[in-house]
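A.B. asks: So that we are looking at the same thing, I have put the structure below in structure tokens.
The values are calculated or read from the model by the stated rules, or taken from the named source; none is laboratory data. These figures come from a predicted structure and were not determined experimentally. Note: ideal-geometry Cβ built from the backbone for every residue, glycine included; neighbour counts use all protein chains shown.
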Amino acid sequence: MEKSLIEVQFPVSKLSKEAFKERKAGAGQTLTGLGKWWGRKPLVLVRALLLGLLLPATDDPKKDMKIFLKLMTMDEEGLKLRRKSSISAKDAYEFATEEEKAKYFDVADEGKISYKKDLKKAEREEFQERIFKRMPYEQKLRYCKRPEEVENLPKSAWDEINEHLGTNAYSYQALVEELGKKRFGQIPTVGDCFCGGGSIPFEAARLGFGVFASDLNPIAMLLTWAALNLLSLPEDEIEKLKDFQKRIFEQADKIVTEWGIEHNSKGHRANAYLYCTETICPECGFKVPLIPSLVIGKNSKTIAVLHENPTKKGFDIEIKMKVSQSELEQAAKNGTVKDGYLICPHCKMETSISSIRGDKVDESGKTIWGLRRWEKHEFVPREDDVFQERLYCIRYEDKKGQRYYKAPDDEDLEREKKVIDLLKERFDEWQQKGYIPSDMIEEGEKTNEPIRTRGWAYWHQLFNPRQLLLHGLLMELIDKEAKTKEEKIVGLLGVNRCITWNSKLCLWDNTREDNGKNTFYNQALNTLYNYNVRGLTVFPWFLDSLKNNTSIGKDKILYPSDARDVNHSCHIWITDPPYADAINYHELSEFFLAWDKKFLKEVFPEWYTDSKRALAVRGEAQQFKETFTGILKNIVSSMPENGYFVLMFTHQDSQVFADLTEILLESGLLSVNAWSVATETEDNMSEGNFVQSTVCVVLKKIDRTQLEPVFIEELYPFGKEEVERQIKLMYELDKDEAEPNFSPTDLELSGYYAALRVLTSCNLKATNQKIKEFLDSMREYASSYIVPEGLKYLGFDQDTIYEIWRKMESYEKFYIRGIEFEIRGEKRIGAYQDAARSLGVADYDELFAVKKSNSARLKTASELGQDLVDTKHAFSTTILRYCLLAINSAIKKDQEINDTAEAVALSHEMLKTKLGTKYWNNKSKIEIIFRYLAKLEEISGMEHWQDDSKIASYLAERVANDRL
């Protein structure tokens, strides 16, 4: 069987940029609006994988890629088709010739650029088309729709595609049918046994594949069902569902208004309530509101001011708007809790929150939590509880739409009491009917947090009375009004959106003053000292993504299932298992299941409705290896001989690749290639060495029983040959391309993946450690094979450069790769992470000056200063680190003595002392490092290196002229 395109090549650079664009659409992404799920893969990546698997690899790889990009609307014609907006004058000016600047633009004295007012529309559009062609790919995307938003290609594009592929298709569905029958003898089915939020089955169905989807978690299946069955409904059916949502909301609004719990006596309506936790200071006995920052709104300049009330032995809270900048800054510093400590405004003493809770350590070293557990019937604290809850600020909106903040007065507090009374009247009935949760929180890594820190033992206790009352009201109305399965599911998804954005775990964001962050803003169930409660008018109830995307066929099977029990044959499997994952899907999803159980059982009576926590595939290495090997064996046994399995994972460690190799060897799968695509933005990740890239390993069946056993030592020559072959091919594919598709990191990683191909192509006998050593060796070989461009043009013999680069430490290579990224304008943190992975570098946080997803760069010599010198860090004692230290030392000394030559001389001597005999043994390497850094001041965009670069040039001369 001929190879598929993805076995040979894949446009990782362009795809990474497309995935970033899709991610930055936020709630505008097609599936995100249906509900919260963690780690959904971008639809553009799924589409690319599916088309890459179907398209054949011919003897004309350049034409193959041209056709692939055409299908993805990622070629010039496709980008032109996707362009949706006028190019700003500022951007157009950047790419205009001097003649065009004079002809099309006016530049004001203050530098503001605008199009000439007398410019005709047609003329401006023709000019913008020229400008658009000149823009780099990434910048073009700012003005484009996403590929999925293009319904179909023009006939001219299909004609070219058909001519190359020998097909007669004029739609994606027709192409999938034709190519599917050529490759598999029928329309292929795509399977995903960890379908999560539904990206893979949804995009497969949209392209015309048959679909099988399963997941252990019922919430994941609910979202996948909704994606496949709601977003493919005809427009008239979707309008009916939108009308249903509107009707429910209007009924809820009428009831809430009749209750009188959101309107004040002036007729103004509240849309945000800020609550805080209160506790007694053990030092002075004052009841202190726990508020980390007294700033309520930075834009509106609103703050809370605490006033001691000796009579109540507590604090009154005043809300002030439009305060001065100094008052705002002071309020930001005046929080009453910081880093886990109560800071009492009365006695000024600091007390750990842990000791206030009464946490203790027993004789065995185990921590005993101090708070009592709330009982099932409770939804407010008891009077003697350690932590109380207090409403301290309300945001109202007047009849003209103007918003203002105020402290609650007696009338507001009466309305709070009424909320509690209304909830009490309904509480037992609503729990019995499933309108509000009644389940106990099962202990776990994430679910322990609310139990430990607040004593909340039941899911409904993560919501305050106002939230329970409004959410429960919506559930009651849905139950009474929904006549169809689709209406009930739309209602349930709406409530799930509401609880995501309206729980006691929703942080108030004083920088934006919108409506706060969502419950899972950091992928946990962290309790807060102060939180935001929404009024009904700002509930995220409506499903904005509810619109027709495509007609999805009836060939789809989906149900909740343990992946070990899947018994379904598919031609193509694509899945993203929870390997070494920090996200506890099974625990976090119970937040939704506590609300959804009743309705789920009604609309899907054949589904179970618990998280099946005990069966969840856990991330621990050995346990995962055993479990996942069993899952793959089961799937492979029913997969056709020419089938494909694409395994996604997002990890940097070479140990992961070694474990993966063992899994593939055990389960009868051969790696035919792998590609790394950036798939996350910083909004999707926590702090630290977070992972931004998804590795897609393309696998096929292999019967190793017919192969002679091979020892890993025999494979080293073959591994090096395969690394060289892959890198040479990628160099050839990028030849003459205006924008290279493969970065040096991609080339290095491809060597890694080449090694995986070699290991899985035979009947290997080796330990995990030996496999890891082989992979590390091939990674190092690939790295040594790819000399950075900047090192090649320093006037040194190329063999010398190659040898010095080959012998450099991994952290030295990582730092130089990082500088090469900056020179090329590569700012994605994912590029650095891929470089780290390919070089075996793990601890790199302290090398970064900026570590944001799309504006990352490493520290200069001056910015590094004395950091990581003579420490246990692997970069600490490298020659490059000492060279950077010498530059910083010279700059500091020059500032001190105002004599550059003397400062450089002293710094040079310091370097020689630090390195000792290593100085003379590595003199050429040291000179090359300084010459490389000296070149940076000549490069546009590297201005932050200018001072360091000058000093590097002086040090280079001293090293060059140094003699024993």
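A.B. asks: Look at Glu327 and say whether it is among the charged types (D, E, K, R), over 18 Å from Leu528 (Cα atoms) and assigned to a helix (DSSP H, G or I).
C.D. replies: Taking the combined requirement at face value, the residue satisfies it.
A.B. asks: Follow-up. Evaluate the range 244-262: report whether one residue or more is of a type in the set (Val, Ile, Thr), within 31 Å of the chain's Cα centre (by Cα) and within 30 Å of Gly33 (Cα to Cα).
C.D. replies: No: the range 244-262 contains no residue that is of a type in the set (Val, Ile, Thr), within 31 Å of the chain's Cα centre (by Cα) and within 30 Å of Gly33 (Cα to Cα).
A.B. asks: Moving on to the next point. Go through (1) assigned to a loop (DSSP other than H, G, I, E, B); (2) under 21 Å from Asn532 (Cα atoms); (3) free of Cβ contacts under 8 Å to residues at least 40 places away in the same chain and name the single condition Ser293 misses.
C.D. replies: Ser293 satisfies every listed condition except (3).
A.B. asks: Which of (1) under 25 Å from Glu587 (Cβ atoms); (2) surrounded by fewer than 13 Cβ atoms within 10 Å (Cβ to Cβ); (3) in contact with a strand residue (DSSP E or B) (Cβ under 6 Å, 6 or more places away or on another chain) does Met440 not meet, given it meets every other one?
C.D. replies: All conditions pass for Met440, except number (2).
A.B. asks: Can you pull out the residues in the range 913-946 that are of a type outside the set (Asp, Glu), without any contact (Cβ under 8 Å) to a residue 40 or more places away in the chain and in a helix (DSSP H, G or I)?
C.D. replies: Across the range 913-946, the qualifying residues are Thr913, Lys914, Leu915, Thr917, Lys918, Tyr919, Asn921, Lys923, Ala934, Gln946.
A.B. asks: Against the condition under 28 Å from the mean Cα position of the chain (by Cα) and either buried (at least 22 other Cβ atoms within 10 Å of the Cβ) or modelled with pLDDT of 90 or more (or both), how does Ile804 come out, does it pass?
C.D. replies: no
A.B. asks: Taking helices (runs of 4 or more DSSP H) that do not extend beyond the range 183-265, which have at least 3 residues that are buried (at least 23 other Cβ atoms within 10 Å of the Cβ)?
C.D. replies: Qualifying helices (runs of 4 or more DSSP H): 199-207, 218-229.
A.B. asks: A follow-up question, please. What's the number of the condition Thr73 fails, among (1) in contact with a Leu (Cβ under 7 Å, 6 or more places away or on another chain); (2) at negative phi; (3) at pLDDT 95 or above?
C.D. replies: With (1) in contact with a Leu (Cβ under 7 Å, 6 or more places away or on another chain); (2) at negative phi; (3) at pLDDT 95 or above applied to Thr73, the lone miss is (2).
A.B. asks: Report whether or not Lys417 is in a loop (DSSP other than H, G, I, E, B) and basic (Lys, Arg).
C.D. replies: So Lys417 fails the test.
Quick grid of which residues meet (1) assigned to a loop (DSSP other than H, G, I, E, B); (2) surrounded by fewer than 24 Cβ atoms within 10 Å (Cβ to Cβ); (3) not aliphatic (A, V, I, L, M):
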site	(1), (2), (3)
Thr453	no, yes, yes
Gln461	no, no, yes
Gln467	no, no, yes
Gly472	no, no, yes
Leu477	no, yes, no
Lys483	yes, yes, yes
Lys488	no, yes, yes
Tyr521	yes, yes, yes
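A.B. asks: Against the conditions (1) in a helix (DSSP H, G or I); (2) within 14 Å of Phe539 (Cα to Cα), where does Cys506 fall short? Just the number, please.
C.D. replies: Evaluating Cys506 over (1) in a helix (DSSP H, G or I); (2) within 14 Å of Phe539 (Cα to Cα) leaves (1) as the failure.
A.B. asks: The conditions are (1) in a strand (DSSP E or B); (2) over 17 Å from Arg454 (Cα atoms); (3) among the polar types (S, T, N, Q), and Thr279 fails exactly one of them. Which is it?
C.D. replies: The number of the failed condition is (2).
A.B. asks: If you take the residues of the range 631-657 that are among the hydrophobic types (A, V, I, L, M, F, W, C) and either loosely packed, with under 15 Cβ neighbours inside 10 Å or at pLDDT below 90 (or both), which of them is farthest from the chain's Cα centre (by Cα)?
C.D. replies: Here the answer is Phe657.
A.B. asks: Exactly one condition in (1) of a type outside the set (Phe, Trp, Tyr); (2) closer than 22 Å to Leu749 by Cα; (3) at pLDDT 90 or above; (4) surrounded by 22 or more Cβ atoms within 10 Å (Cβ to Cβ) is not met by Leu839; state its number.
C.D. replies: Leu839 satisfies all of (1) of a type outside the set (Phe, Trp, Tyr); (2) closer than 22 Å to Leu749 by Cα; (3) at pLDDT 90 or above; (4) surrounded by 22 or more Cβ atoms within 10 Å (Cβ to Cβ) except (3).
A.B. asks: So if I check each of Phe604, Phe628, which one is over 19 Å from Ala755 (Cβ atoms) and modelled with pLDDT of 95 or more?
C.D. replies: Phe604
A.B. asks: Would the range 864-874 turn up any residue that is buried (at least 21 other Cβ atoms within 10 Å of the Cβ) and either under 30 Å from Leu749 (Cα atoms) or among the basic types (Lys, Arg) (or both)?
C.D. replies: Yes, the range 864-874 contains at least one residue that is buried (at least 21 other Cβ atoms within 10 Å of the Cβ) and either under 30 Å from Leu749 (Cα atoms) or among the basic types (Lys, Arg) (or both).
A.B. asks: Further, regarding this structure: Return yes when Ile557 is more than 23 Å from Val656 (Cβ to Cβ), buried (at least 20 other Cβ atoms within 10 Å of the Cβ), not assigned by TED's automatic domain parsing to the domain that holds Arg466 and not basic (Lys, Arg) and no when it is not.
C.D. replies: In short, no.
A.B. asks: Go through the residues of the range 165-173 one by one and say whether even a single one is out of contact with any strand residue (DSSP E or B) (no Cβ under 8 Å at 6 or more places or on another chain), assigned to a helix (DSSP H, G or I) and within 30 Å of Ser85 (Cβ to Cβ).
C.D. replies: Yes, the range 165-173 contains at least one residue that is out of contact with any strand residue (DSSP E or B) (no Cβ under 8 Å at 6 or more places or on another chain), assigned to a helix (DSSP H, G or I) and within 30 Å of Ser85 (Cβ to Cβ).
A.B. asks: Please find, within the range 104-123, the residue that is surrounded by the fewest Cβ atoms within 10 Å (Cβ to Cβ) out of those that are more than 14 Å from Asp91 (Cα to Cα) and basic (Lys, Arg).
C.D. replies: The qualifying residue surrounded by the fewest Cβ atoms within 10 Å (Cβ to Cβ) is Lys117.
A.B. asks: Still on this structure: Applying the selection to the range 27-65, what residues are over 19 Å from Val677 (Cα atoms) and out of contact with any Leu (no Cβ under 8 Å at 6 or more places or on another chain)?
C.D. replies: The answer is Ala27, Gly28, Thr32, Lys36, Thr58, Asp59, Asp60, Lys63.
A.B. asks: In addition: Might you let me know whether the range 143-153 holds any residue that is more than 30 Å from Ser4 (Cβ to Cβ) and surrounded by 13 or more Cβ atoms within 10 Å (Cβ to Cβ)?
C.D. replies: Scanning the range 143-153, I find at least one residue that is more than 30 Å from Ser4 (Cβ to Cβ) and surrounded by 13 or more Cβ atoms within 10 Å (Cβ to Cβ), so the answer is yes.
A.B. asks: Return yes when Asn888 is surrounded by 16 or more Cβ atoms within 10 Å (Cβ to Cβ) and polar (S, T, N, Q) and no when it is not.
C.D. replies: yes
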